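Structure first, commentary second.
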Amino acid sequence: DPRGIYTCEIGTGKKSLQVHYRMCQNCIEVDAPTISGIVVADVVATVFLAVAVYCITGQDKGRMSRGEERAPLAPRGWGR
């Protein structure tokens, strides 16, 4: 806890400084490598999600619907 009175003596002079500093109990220190790691992980996760969505939606393009692959039950003009 850095709170308190600090004194500095220079030659014959004496100066004092009172520090009112309160440390956060639930805070964490975030430095540059931590922030860059979070950003890189976010970009990798976004790219992975985009590729997964592209692959899943790309599979439906070549399929025919069930009605297109069946032969008609009766030839055209049969009931006339």
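Ordering 29, 9 by how much accessible area each has at a 1.4 Å probe, largest first, what is the list? Mind dumping the intermediate values first?
Values: 29 165, 9 130 Å².
Output order, biggest surface exposure first: 29, 9.
Grab the other residues whose beta carbon is less than 15 angstrom from that of residue 16, score K and R as +1, D and E as -1, and report the net.
+2
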Can you give me the % of accessible surface on the stretch 3-61 that is carbon or sulfur? Probe 1.4 Å, all protein chains present, nothing else counted. 63
Along each of the three principal axes of the Cα atoms of the stretch 3-61, give the extent in whole Å, ordering the values from largest to smallest. 87, 24, 9
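The values are calculated or read from the model by the stated rules, or taken from the named source; none is laboratory data. From a predicted model like this one, the values you see are computed outputs, not experimental measurements. Glycine gets a Cβ as well: all are built from the backbone with ideal geometry, and neighbour counts include every protein chain shown. Side chains are part of the model used for accessible areas, which takes the heavy atoms of the whole protein and leaves out ligands, DNA and RNA. Shrake-Rupley method; radii C 1.70, N 1.55, O 1.52, S 1.80 Å.
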